[in-house]
Amino acid sequence: MTQKDTIYASQQQVKDFSFDETVVEVFPDMIQRSVPGYTTMVSTMGKLAGQYAQNNSNLYDLGCSLGAVTLSMRRNIEKQNCQIIAIDNSQAMIERCKLHLQGFRSDVPVDVQLADITEVNIENASVVALNFTLQFIAQPMRRALLEKIYAGLKPGGILLLSEKIKGENDTVDDVLIDLHHDFKRANGYSELEISQKRSAIENVMRPDTLSEHQQRLTDIGFTHTQVWYQCFNFCSMIAIK
């Protein structure tokens, strides 16, 4: 049974957000109540992975957390000799991810690794997923990571990128933030929880604007980029090499 997220329900000295054991225990509830359209994004990423997977290639889930995207990709892969490589830098997430994967049978092998995604090699890839991961990478390092992904993708390979985005100006950003907070209120979060979670995460998550994402992907060399989903300040896009 999914445990309810009450991490910020009481007044506390707020520390920077981290994907520790406390977050792992409530993560499915947290993500569903905090990210509009999360289920749609994960299921569609799996379908896109199935469409673009190539025979004899690797599919990467970078920042895999509990393995939702990995499982979605694995359900949709029909090509021959494919392997999914799921990577996260949180020991607690990796341990729980392995348990989740064991609960579902599949002929597609998954290699779950505890590692820093900025330091791993991307090789022979037909699909790379970054599902709300890039936003937690230091901004000066984001382009280098994306360049490494591009270099490791096979021709015709895809990047699946989901991110919380910043509005193009302060006025629009305030609109998106207010809509998101209303979404969280509708899902049972109190004003205290919303305020304390925002304080906890603002130092570790620095969102880019959508235009910054798109321009960076184009500059790196992706020939086609397209937003296929957006709700408030959350979006998911595909970039094709």
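The values are calculated or read from the model by the stated rules, or taken from the named source; none is laboratory data. Note that the structure is predicted; figures quoted are calculated from it, not measured. Cβ placement follows ideal geometry from the backbone for every residue including glycine, while neighbour counts extend to all protein chains displayed. Remember, those area values only see protein heavy atoms, side chains included, never the ligands or the DNA or RNA. Shrake-Rupley method; radii C 1.70, N 1.55, O 1.52, S 1.80 Å.
If I ask for residues that are surrounded by fewer than 14 Cβ atoms within 10 Å (Cβ to Cβ) and touching a strand residue (DSSP E or B) at 6+ places or on another chain (Cβ under 8 Å), which ones from region 198-227 would you list?
Thr218, Thr223, His224, Gln226
One line per residue, one yes/no per condition, for (1) touching a residue at least 40 places away in the same chain (Cβ under 8 Å); (2) touching a Pro at 6+ places or on another chain (Cβ under 7 Å); (3) crowded, with 19+ Cβ neighbours inside 10 Å:
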{"position": "Val127", "(1), (2), (3)": "yes, no, yes"}
{"position": "Asn131", "(1), (2), (3)": "yes, no, yes"}
{"position": "Gln139", "(1), (2), (3)": "yes, no, no"}
{"position": "Glu147", "(1), (2), (3)": "yes, no, no"}
{"position": "Val175", "(1), (2), (3)": "no, no, no"}
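Anything in region 32-42 that is closer than 21 Å to Tyr60 by Cα and either out of contact with any helix residue (DSSP H, G or I) (no Cβ under 9 Å at 6 or more places or on another chain) or buried (at least 16 other Cβ atoms within 10 Å of the Cβ) (or both)? List them, or say none. Break it down into steps so the answer makes sense when it comes.
Filtering region 32-42 for residues closer than 21 Å to Tyr60 by Cα gives 38-42.
Listed by number, the residues that qualify are Tyr38, Thr40, Met41, Val42.
Can you tell me which of (1) surrounded by 13 or more Cβ atoms within 10 Å (Cβ to Cβ); (2) under 15 Å from the mean Cα position of the chain (by Cα); (3) assigned to a loop (DSSP other than H, G, I, E, B) is the one Asp116 doesn't meet?
So the condition that Asp116 fails would be (1).
Consider Asp61 carefully, then state whether it is of a type in the set (Asp, Glu) and not in a helix (DSSP H, G or I).
On the way: of a type in the set (Asp, Glu): yes; not in a helix (DSSP H, G or I): yes.
Judged against the criteria, Asp61 is a match.
For region 122-145, indicate whether the set of residues that are outside any helix (DSSP H, G or I) and at pLDDT below 95 is non-empty.
Yes, some residue in region 122-145 is outside any helix (DSSP H, G or I) and at pLDDT below 95.
Could you please find all residues in region 84-104 being in a helix (DSSP H, G or I) and open to solvent by less than 10 Å² (accessible area, probe 1.4 Å)?
Of all residues in region 84-104, those in a helix (DSSP H, G or I) come to 91-102.
Answer for region 84-104, where residues must be in a helix (DSSP H, G or I) and open to solvent by less than 10 Å² (accessible area, probe 1.4 Å): Met93, Ile94, Cys97.
For region 182-197, give me the residue count where each residue is open to solvent by less than 30 Å² (accessible area, probe 1.4 Å) and over 20 Å from the mean Cα position of the chain (by Cα). Write out each step before concluding.
At the first step, the residues of region 182-197 found to be open to solvent by less than 30 Å² (accessible area, probe 1.4 Å) are 184, 189, 193-194, 196-197.
From what is left, the residues that are over 20 Å from the mean Cα position of the chain (by Cα) are 189, 193-194, 196.
Within region 182-197, residues that are open to solvent by less than 30 Å² (accessible area, probe 1.4 Å) and over 20 Å from the mean Cα position of the chain (by Cα) number 4.
Say whether the condition of being touching a His at 6+ places or on another chain (Cβ under 7 Å) and modelled with pLDDT of 95 or more is met by at least one residue in region 210-233.
Taking region 210-233 as the starting set, the residues that turn out to be touching a His at 6+ places or on another chain (Cβ under 7 Å) are 232-233.
From what is left, the residues that are modelled with pLDDT of 95 or more are 232-233.
Within region 210-233 (the criterion being touching a His at 6+ places or on another chain (Cβ under 7 Å) and modelled with pLDDT of 95 or more), the answer is yes, since at least one residue qualifies.
Contact list please: Cβ distance under 7 Å, first residue in region 191-203 and part of a helix (DSSP H, G or I), second residue surrounded by 14 or more Cβ atoms within 10 Å (Cβ to Cβ) and among the hydrophobic types (A, V, I, L, M, F, W, C), pairs at least six apart or on different chains.
Sorted first by the residue in region 191-203, then by its partner, the pairs are Gln196/Val14; Ser199/Val14; Ala200/Val14; Ala200/Phe17; Ile201/Phe17.
Report, by residue number, each residue of region 57-110 that is over 27 Å from Ala151 (Cα atoms) and hydroxyl-bearing (Ser, Thr, Tyr). Break it down into steps so the answer makes sense when it comes.
Within region 57-110, the subset over 27 Å from Ala151 (Cα atoms) is 91-93, 95-107.
The one that is over 27 Å from Ala151 (Cα atoms) and hydroxyl-bearing (Ser, Thr, Tyr): Ser106.
I need the full set of residues from region 156-190 which are among the small types (Gly, Ala, Ser), in a loop (DSSP other than H, G, I, E, B) and either under 16 Å from Phe234 (Cα atoms) or touching a helix residue (DSSP H, G or I) at 6+ places or on another chain (Cβ under 7 Å) (or both), in order please.
The first filter runs over region 156-190 and keeps only residues among the small types (Gly, Ala, Ser), leaving 156-157, 162, 167, 186, 188, 190.
With the extra rule that they be in a loop (DSSP other than H, G, I, E, B), the set shrinks to 167, 188, 190.
Scanning region 156-190 gives Gly167, Gly188.
Restricting attention to region 25-58, report how many residues are under 17 Å from Ile238 (Cα atoms) and in a loop (DSSP other than H, G, I, E, B).
Residues meeting the conditions: 3.
If you take the residues in region 152-173 that are open to solvent by 60 Å² or more (accessible area, probe 1.4 Å) and under 22 Å from Phe136 (Cβ atoms), which one is nearest to the chain's Cα centre (by Cα)?
To start, the set of residues in region 152-173 that are open to solvent by 60 Å² or more (accessible area, probe 1.4 Å) comprises 155, 166, 168-172.
The next check asks that each one be under 22 Å from Phe136 (Cβ atoms); those that pass are 166, 168.
Values: Lys166: 16, Glu168: 21 Å.
Out of the qualifying residues, it is Lys166.
Answer with yes or no whether Lys154 is among the charged types (D, E, K, R), more than 21 Å from Val23 (Cα to Cα) and modelled with pLDDT of 95 or more.
Here the answer is yes, as Lys154 does meet what is asked.
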